[in-house]
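Structure record follows, encoded as structure tokens.
The values are calculated or read from the model by the stated rules, or taken from the named source; none is laboratory data. These figures come from a predicted structure and were not determined experimentally. As a convention, Cβ positions derive from the backbone with ideal geometry for all residues, glycine included, and neighbour counts pool all protein chains shown. Accessible surface is based on the protein model in full, side chains and every heavy atom, while ligands, DNA and RNA are left aside. Shrake-Rupley method; radii C 1.70, N 1.55, O 1.52, S 1.80 Å.
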Amino acid sequence: MKKFNIRKVLDGLTAVSSPSPSPQLGAKENELIPETLQSEHFQLCKTVRHGFPYQPSSMAFDPVQKILAIGTQNGALRLFGRPGVECYCQHESGAAVIQLQFLINEGALVSALSDDSIHLWNLRQKRPAVLHSLKFSKERITFCHLPFQSKWLYIGSERGNIHIVNVESFTLSGYTIMWNKAIELSSKAHPGPVVHISDNPMDEGKLIIGFESGIVVLWDLKSKRADYRYTYDEAIHSVAWHHEGKQFICSHSDGTLTIWNIKSPAKPAQTITPHGKQPKDGKKPEPCKPILKVEYKTTRAGDPFMIFSGGLSYDTVGRRPCLTVMHGKSTAVLEMDYSIVDFLTLCETPYPNDFQEPYAVVVLLEKDLVVIDLAQNGYPIFENPYPMMIHESPVTCCEYLADCPVDLIPALYSVGSRQKRQGYSKKEWPISGGNWGLGTQSYPEIIITGHADGSVKFWDASAIMLQVLYKLKTAKVFEKVRCKEEKPSTEIVDEDPFAIQLMSWCPESRMLCVAGVSAHVIIYRFSKQEITTEVVQLLEVRLQYELNDLESPEGGGDQTPGTSPSPQTTAPQTHTSTSSNSSDGIRDNIPCLKVRSSPLKQSSGYQVELVVQLVWVSGEPPQQISSLAINSCYGLVVFGNSNGLAVVDYLQKTVLLNLGIMELYSSNDPYQRQLRSPRKSRQPSGGLCDISEGSATSEDRCKSPTSAKMSRKLSLPTELKPDLVLLSVCPPRGSIPQDNRDNSFSRSRSSSVTSIDKEAREAVTSFHFCETYNRKADGGLTSSLWVGTSLGTVLAISLSMPPAGEQRLLQPVIVSPCGTLVRLKGSILRMAFLDSTGSLLPSAFEPWYEPNAPANGEERDKVRKRRPVSVSPSTSQELNENQYAVVCSEKQAKVISLPSQTCVFKHNITETSFVLRADVVQMNAGICLACFCANGHIMTLSLPGLRPLLDVNYLPLTDMRIARTFCFTNLGQALYLTSPTEIQRITYSQEVCENLQETLGELFTPVETPEAPNRGFFKGLFGGGAQSLDREDLFGESGAGKAPRSLAQHIPGPGGIEGMKGAASGIVGDLARARIALDERGQKLSDVEERTAAMMASADSFSKHAHEMMLKCKDKKWYQF
């Protein structure tokens, strides 16, 4: 029977009573430690979004401003200028963006959405905003066209009609082209939706309209009738003009291109099937896949370019999507990695009636952006400078570090620059608009992403930019599986066996430790020198959960025969003999993955120091690792799961401690839990699992992922499974789900009989290395490891370290559990330590040194010392208190005074939800505890007082991706993966919010529009040049009347409140400018007065002279002149 615990009941009562912090030592403690952080230091706002636009749907380019816009299926708008200048906006409706049109060189953009609305965006402010919107109620928008330097936007509809909108006022013109007038008697059937509209490059009064069914109409805008109609028996996908306006080209659904002369509507001048097999008997070629888009671009010096997507033969099964470039007699087929969403040809001129001179093609793919250089042979691609390959492999975890050591980014960049691919175009990136911000933020920031393929990427995130520094491939350590048949039967995941689940990084020593989904841990050292490792060093750990033998436990499992306590190398053990000798073929002592046996060449950067693998135990797969920590000062790595924990000395390559969680509790521990009746049920081995459909009831939604019911199958998050809900305990640190865990804090008690005999599984969820007091009687600091569990217990392990130097490699580290220190509600997420003044105590670390330096080199002679932990007992001598421990769980936070172990402050963070991520962070004005809850709230609490400083309902947990990747860091920065391809950075600092306007880049820069092409003397004399059209007379209210009100509703936009805020911040400058302008105006007016007076005097003298001349010549005859 379970012990009755009065403390637990009291904890519950305190939690219900009040969510406010409850000081246990009265007001005296607050007087001792004044808190500098106040609520006015905090404000929450989004800063910048990085990565590839998720599910892109449309694209546009401003050829003068050199800005690229991409719209997505969820109504997002991403704008890109030069590297480092990018912007994210969102349409309120969230409808898909079907088309984008720049007002070229005007700093404005028109977007058309699938909900039949069009919007005008103002790009002249740092945060673009909608100025006007127009919502159509009776028509469905299919195509838009805005001629260069025109304010009249043509809108084609599904019914085949064309409406015209004034983009200045966003009002509809009374001028409408009805489908029946356009086709008249040429077809008895409806021609289908409008798929193309464009005006003749040489005559603005002629409009070409493409209907889906295959009919093209040349419409005369002035006479309001069709000049010509062109009919083809295949559906049309796109139309493009030759710049002289005498020919146009259509792409069709059977893979053909038809070129038409505008004055010969009877049949096409030329029909081409670029990828069709030509039969010898002169018949039509075999039909191909549809050509979805074609562009026809001319050059002065050579042949025109015909560029199109699609059109491949149907027999090319399995062939990747292609873009075809036809130039003269050459045809280049460029294969793409993903399907093509859209493409645009970049040209030297914005004028459609001039030679286009194309120089690049921007191809928007489903998951990538490719820019092809048309000017070089072989059409090489440009190296993409934007951080768009975050999702190269799905992101499984994230870490974020602000204010890291200054030498770290240059070191990572120097090793990463050697990994760059060759063969890119030598030219500069063509999307080069905008200007960088003038932010004063100077501290370095690094983001680390772990991926499903086992890769780890380091990113420079300083000053709201993002640039990849270095990529580490952890899968190189393991044997390659070439086909599914070779896949070892010991694997515990269906796919992505190398996926990164947890990362622990010491930036000062540059030591890195990663835990993978196959219950493996790899420790890396950073080196600037290349080495070859003959044998990868390996430890195999048998971590098991013993139910039957509580009195004499076997240490939670022993080291396998392959594990050696000496520093020498251990060869990888497959233990085939162990499994084959067993009568029933039960897998035992076998790791999930096979470490490579051949020599491993390791280039400069992160190099493998040690691999640790958990093994199968009596047919049971190892549980996935739920918590991980590394400490470079002690030379230790610790990891845990739902079976227990293991402490590994990576310097001596030995396992120091391998214990089940129950054995960490001392015999007289008041928190020790009694085991339920032993039941050997097969445990789910997933930190990342599918939830069986319907298992997450409404009752479970407000509970921690630790309490969710898991199915057996394991899977990793991929964007290919959007409906998948993924769980990991205490993300992003992760934890193992406990099968039917009985946790009175996060699970309601069930009345069913079956729940009574289910075992209580407790997982290790967090670690913290520290120098602290583990016992009340301790007179001095001890090297320690604090362990947090999923049932809210914090336990201590004392570490007795040998002297530094050679002795560290010869003498063993003595590890001894000290029992329970404190108990909280919910799973433990974060622990930290403060000194007696309330300052954060960082973990001890070893400074980085070159591990592969020569034996007699200076680097080897450097004495490596641990960082001293500062303790200033001056003010707390009276209380004999030297430290404060901060412990945060899913439900509450506590501050414990050490060594007395008294709870000084307590705060119940949430009753109905649970905390997903908690971090103790350093702000400019002090330190605080930052929390992100599953109900979407972001909170900060003061330290050590735990006063609430910020509580904002920011982001409901819609996807476990957010839970897995959300992290806070110092100086008010945080991030999460908002989609499978994008990182969203946010700030909770008032100071950063205030300076954000300056930090952001500017999209619009004043640029002169290029001069219009010269018409030439003869074209001007005899006609034939570009014909202009007075659209105002034709489409304005005086000429065309008003459109019906019921057709579309005008909605005024917010007008850019963010932009107004930015303008308000510079109001003094604006007033000064206005004053200067007034002075200038006064000067100009006085100049005008003087000039007027001079002109009047000149006119007087002229009239006088004219009068004298008239008198002189009055009496003369004509022949006398």
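For the stretch 335-355, a residue qualifies if it is open to solvent by less than 50 Å² (accessible area, probe 1.4 Å), within 18 Å of G302 (Cβ to Cβ) and not in a strand (DSSP E or B), and the qualifying residues are T349, D354. Looking only at residues in the stretch 801-821 that are open to solvent by 10 Å² or more (accessible area, probe 1.4 Å) and in a strand (DSSP E or B), which one is nearest to N970 (Cα to Cα)? Going through the qualifying residues, I end up with L821. Quick one: would you say S798 is outside any strand (DSSP E or B) and closer than 26 Å to N658 by Cα? In short, no.
Filter the stretch 997-1033 for residues that are at pLDDT 60 or above and of a type in the set (K, R); which is farthest from W152 (Cα to Cα)? Can you show your working first?
We begin by selecting, within the stretch 997-1033, every residue at pLDDT 60 or above; these are 997-1015, 1026-1033.
Imposing the further condition that a residue be of a type in the set (K, R) reduces the set to 1015, 1031.
Numbers: R1015: 24, R1031: 8 Å.
Top of the filtered list is R1015.
I183 passes every criterion in (1) hydrophobic (A, V, I, L, M, F, W, C); (2) modelled with pLDDT of 95 or more; (3) more than 22 Å from G1036 (Cα to Cα); (4) surrounded by 22 or more Cβ atoms within 10 Å (Cβ to Cβ) apart from (2).
Pairing each residue of the stretch 186-198 that is under 23 Å from A266 (Cβ atoms) and at pLDDT 95 or above with any residue that is open to solvent by 30 Å² or more (accessible area, probe 1.4 Å) and of a type in the set (D, E, K, R), provided the two are 6+ apart or on different chains, yields C-beta distances under 7 Å for V195/E212.
Among the residues of the stretch 217-256, those identified as touching a Ser or Thr at 6+ places or on another chain (Cβ under 8 Å) and among the β-branched types (V, I, T) are T231, I236, V239, I249, T256. Screening the stretch 90-161 for strands (runs of 3 or more DSSP E) wholly inside it with 2 or more residues that are among the small types (G, A, S) returns the ranges 108-113, 129-136, 152-157. Selection of the stretch 221-237 for residues being open to solvent by less than 10 Å² (accessible area, probe 1.4 Å) and either modelled with pLDDT under 90 or under 19 Å from L344 (Cα atoms) (or both) yields only I236. Residues of the stretch 949-965 that are under 18 Å from Y88 (Cβ atoms) and open to solvent by less than 10 Å² (accessible area, probe 1.4 Å): I962, T965. Among the residues making up the stretch 221-273, a single one is touching a residue at least 60 places away in the same chain (Cβ under 8 Å) and among the hydroxyl-bearing types (S, T, Y): S251.
Taking the condition farther than 30 Å from P63 by Cβ, open to solvent by 30 Å² or more (accessible area, probe 1.4 Å) and at pLDDT 90 or above, does T176 pass? Don't jump to the end; show me each part of the working.
Values: farther than 30 Å from P63 by Cβ: yes; open to solvent by 30 Å² or more (accessible area, probe 1.4 Å): yes; at pLDDT 90 or above: yes.
It is true that T176 is farther than 30 Å from P63 by Cβ, open to solvent by 30 Å² or more (accessible area, probe 1.4 Å) and at pLDDT 90 or above.
Quick grid of which residues meet (1) at pLDDT 55 or above; (2) more than 28 Å from T940 (Cα to Cα); (3) open to solvent by 60 Å² or more (accessible area, probe 1.4 Å); (4) part of a loop (DSSP other than H, G, I, E, B):
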site: P851; (1), (2), (3), (4): yes, yes, no, yes
site: R864; (1), (2), (3), (4): no, yes, yes, yes
site: V869; (1), (2), (3), (4): no, no, no, yes
site: S872; (1), (2), (3), (4): no, no, no, yes
site: S876; (1), (2), (3), (4): no, no, no, yes
site: E881; (1), (2), (3), (4): yes, no, no, yes
site: S913; (1), (2), (3), (4): yes, no, no, yes
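When we screen L824, L840, L829, L834 for residues that are open to solvent by 20 Å² or more (accessible area, probe 1.4 Å) and modelled with pLDDT of 90 or more, the only hit is L840. If you go through the stretch 312-330 and keep only what is surrounded by 10 or more Cβ atoms within 10 Å (Cβ to Cβ) and more than 28 Å from R300 (Cβ to Cβ), you end up with L312, S313, Y314, T316, R319, R320, P321, C322.
Looking at Q922, Q901, which is the one that is touching an Asp or Glu at 6+ places or on another chain (Cβ under 8 Å) and in contact (Cβ under 8 Å) with a residue 12 or more places away in the chain?
None of the other options fit; the residue is Q922.
Say whether the condition of being under 21 Å from R159 (Cβ atoms), open to solvent by 30 Å² or more (accessible area, probe 1.4 Å) and over 44 Å from the mean Cα position of the chain (by Cα) is met by at least one residue in the stretch 201-220. No: zero hits.
Here C931 passes the criteria (1) at pLDDT 95 or above; (2) open to solvent by 20 Å² or more (accessible area, probe 1.4 Å); (3) closer than 30 Å to V517 by Cβ except the one numbered (2).
Using the structure shown, decide if P53 is closer than 30 Å to L971 by Cα and surrounded by fewer than 22 Cβ atoms within 10 Å (Cβ to Cβ). Spell out the reasoning first.
Working: closer than 30 Å to L971 by Cα: yes; surrounded by fewer than 22 Cβ atoms within 10 Å (Cβ to Cβ): no.
Taking the combined requirement at face value, the residue does not satisfy it.
Does D303 meet the test of being open to solvent by less than 40 Å² (accessible area, probe 1.4 Å) and over 22 Å from H237 (Cα atoms)?
On the way: open to solvent by less than 40 Å² (accessible area, probe 1.4 Å): no; over 22 Å from H237 (Cα atoms): yes.
Here the answer is no, as D303 does not meet what is asked.
Just one of (1) crowded, with 22+ Cβ neighbours inside 10 Å; (2) closer than 17 Å to I1051 by Cβ fails for L131. It is (1).
When the residues of the stretch 204-213 are filtered to those that are charged (D, E, K, R) and more than 16 Å from W260 (Cβ to Cβ), the one that is modelled with the highest pLDDT is E212.
I259: at pLDDT 95 or above, closer than 26 Å to C144 by Cα and surrounded by fewer than 18 Cβ atoms within 10 Å (Cβ to Cβ), yes or no? Full working, then the answer.
Numbers: at pLDDT 95 or above: yes; closer than 26 Å to C144 by Cα: yes; surrounded by fewer than 18 Cβ atoms within 10 Å (Cβ to Cβ): yes.
The answer is yes for I259.
Where strands (runs of 3 or more DSSP E) sit wholly within the stretch 928-1002, those with at least 1 residues that are touching a residue at least 24 places away in the same chain (Cβ under 8 Å), within 30 Å of D368 (Cα to Cα) and out of contact with any Ser or Thr (no Cβ under 7 Å at 6 or more places or on another chain) occupy 967-969, 973-979, 982-989.
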